[in-house]
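The values are calculated or read from the model by the stated rules, or taken from the named source; none is laboratory data. Computed from a prediction, not measured in an experiment: that's the story for all the values here. Here the Cβ is made from the backbone with ideal geometry for all residues, glycine too, and neighbour counts use every protein chain on show.
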Amino acid sequence: MLHFATQKLLGGPNHTRTNTGDTSITPTDRSIACLSVRFPLEFDFSDPNARSLVRKQIEHHMRLCTIATSGFEVLFSTVGSEPLLAEAASHYMMTSGTSPIRELSDNMDQNCINHGERGELVELVAALLIMQARDAVTKGSNRRWIYVREFMESLLGASAAQTTTVLPYKVHSNEDKKTLADGFKDARMWFNHVVKIQKADLINVQYLWRFITRGAMILCANNQPGVDIVIPVCYSDNKLSQGNVTAILIQVKNNQTFGENIRGYLFDAMDPFHINLFNKDMRSPLPIIRMVFALASKQDVVKWVVRPQALTSTRQTRATTRQSEQPDLYTSYDLWCAGISQSTFPVIGDDESALYQKILDRTRFPGHGYPVSKVHEVEYPEEVAKSKAGLLRSFDALVAGDEADEDPNPEGGLQRKGKQRAV
């Protein structure tokens, strides 16, 4: 079945060769098909090549057409939640030595991938990091379930060793005063692709177990407050049900104002009752894990947020000033991950840090990384290329903020101009 699914996804039986029977299928088409079935990519139809690319994905690579008018003036499409196709994509990219982050970076250079009006693609970058950690655990096996402790070790490397000592920041009852390794000893996850939801209500435990049956983790709706990514977790070895499901909640930041210092209010925003993960009347909620990915941080660091009374004398772990004398409404283990390098996420390959940084720059500064020379096959001197990039940004000066204040100087690169504010 996996072999058949791979053929269907890649558009033919000769998927390991570039000269297939259908010469219209290119390696780019295949890489986009593999990325799309695992991650909810959206396409930028301002690019003239996007429409033909999407049509080929529908025709040859199992993409679903949802709306189309005569002549294809209007064309909307999506990818269904298909765990078998996602597993086929994972297996193909792993056996062919293809790097998902490199493929995403290369296809962004073709300007067909939409990074979102508010840089929502950064959440996809975080999801890719998470998926790499999952793939590393299952590599070379047919496993579906992975334990939370395995996932944390794969994602964070040596920093995950503290799971054997770190206690929860929020504590609901004395029974919850366990290390993360003990508290989540039997907790397991199954996901091999990402589903983007449109309604915030779907991250309630009433529905989370259904995402586990589909092998999906959740990318939250645009502008959903508090949380960006939800990984459903089956908490114990009991039968899968809404009473046995909790989650890892992740908030992703691509702003340099979020650095190595912990911002407690970001964790407060991931209150499981406020975001509707747990129902208001739930008396004994299962423990959760909350993580903040401060990807634009200039410093690389991983910090566990601990209760002040749990600080060690060495003070290697910093704590926030949040504390309550009363029992908390829920139990949570909080973790701050700053930076986008192997120091923070060892799962990143030796040659992949620059690719991750490139995509973050593209989502933070739209137009900043527009590859004029590469896309239009025109070679510019370095100084001229910088000036053209600056011109692309300056056209949107009213909404671009500080980045638009950098204007090209024909005699010496870019210079900082005085800030101007609209009134």
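From the list Gly215, Gly243, pick out the single residue that is in contact (Cβ under 8 Å) with a residue 60 or more places away in the chain, farther than 20 Å from Leu266 by Cα and surrounded by fewer than 22 Cβ atoms within 10 Å (Cβ to Cβ).
Numbers: Gly243 fails: in contact (Cβ under 8 Å) with a residue 60 or more places away in the chain.
Result of the check over Gly215, Gly243: Gly215.
Can you run down the residue pairs with Cβ atoms below 6 Å, 6 or more apart or on separate chains, where the first is in the range 28-45 and among the polar types (S, T, N, Q) and the partner is at pLDDT below 85 and assigned to a helix (DSSP H, G or I)? Hits for this filter: Ser31/Glu103. The set of residues in the range 271-304 being closer than 21 Å to Lys177 by Cβ and in a loop (DSSP other than H, G, I, E, B) consists of Asp271, Pro272, Phe273, Phe278, Met282, Arg283, Ser284, Pro285, Leu286, Pro287. If you go through the range 75-96 and keep only what is of a type in the set (Ser, Thr, Tyr) and either in contact with a strand residue (DSSP E or B) (Cβ under 8 Å, 6 or more places away or on another chain) or touching a residue at least 40 places away in the same chain (Cβ under 8 Å) (or both), you end up with Ser77, Thr78, Ser81, Ser90, Tyr92, Ser96. For the range 273-286, the count of residues that are among the β-branched types (Val, Ile, Thr) and either buried (at least 23 other Cβ atoms within 10 Å of the Cβ) or in contact with a helix residue (DSSP H, G or I) (Cβ under 6 Å, 6 or more places away or on another chain) (or both) is zero. Within the range 148-164, is there a residue that is farther than 19 Å from Phe345 by Cα and basic (Lys, Arg)? No, because not a single residue in the range 148-164 is farther than 19 Å from Phe345 by Cα and basic (Lys, Arg).
When you look at Ala158, is it farther than 19 Å from Gln251 by Cα, surrounded by fewer than 22 Cβ atoms within 10 Å (Cβ to Cβ) and either without any contact (Cβ under 8 Å) to a residue 12 or more places away in the chain or assigned by TED's automatic domain parsing to the domain that holds Trp304 (or both), yes or no? It is true that Ala158 is farther than 19 Å from Gln251 by Cα, surrounded by fewer than 22 Cβ atoms within 10 Å (Cβ to Cβ) and either without any contact (Cβ under 8 Å) to a residue 12 or more places away in the chain or assigned by TED's automatic domain parsing to the domain that holds Trp304 (or both). Taking the criterion of being of a type outside the set (A, V, I, L, M), closer than 18 Å to Tyr147 by Cα and assigned to a strand (DSSP E or B), the residues of the range 161-220 that qualify are Arg188, His193. When restricted to residues that are within 21 Å of Leu208 (Cα to Cα) and acidic (Asp, Glu), the range 227-269 contains 2.
Quick check on this structure: which one of Phe184, Phe191, Phe151 is modelled with pLDDT of 90 or more, among the aromatic types (Phe, Trp, Tyr) and over 18 Å from the mean Cα position of the chain (by Cα)?
On the way: Phe191 fails: over 18 Å from the mean Cα position of the chain (by Cα); Phe151 fails: over 18 Å from the mean Cα position of the chain (by Cα).
Every option except Phe184 fails the conditions.
The set of residues in the range 59-74 that are surrounded by fewer than 16 Cβ atoms within 10 Å (Cβ to Cβ) and among the hydrophobic types (A, V, I, L, M, F, W, C) comprises Leu64, Cys65, Ile67, Ala68, Phe72, Val74. Here Ser141 clears all of (1) part of a helix (DSSP H, G or I); (2) more than 18 Å from Gly339 (Cβ to Cβ); (3) at pLDDT below 95 except the condition numbered (1). Checking Arg51, Arg63 one by one, the residue that is in contact with a strand residue (DSSP E or B) (Cβ under 8 Å, 6 or more places away or on another chain) and within 17 Å of Lys196 (Cβ to Cβ) is Arg63 and no other. No other residue among Val227, Val252, Val233 is under 21 Å from the mean Cα position of the chain (by Cα) and assigned to a loop (DSSP other than H, G, I, E, B) apart from Val227.
Within the range 54-74, residues that are in a helix (DSSP H, G or I) sit with their Cβ atoms under 8 Å from residues that are among the basic types (Lys, Arg), at 6+ positions apart or across chains, in these pairs: Val54/Arg63; Gln57/Arg63; Phe72/Arg51; Phe72/Arg55.
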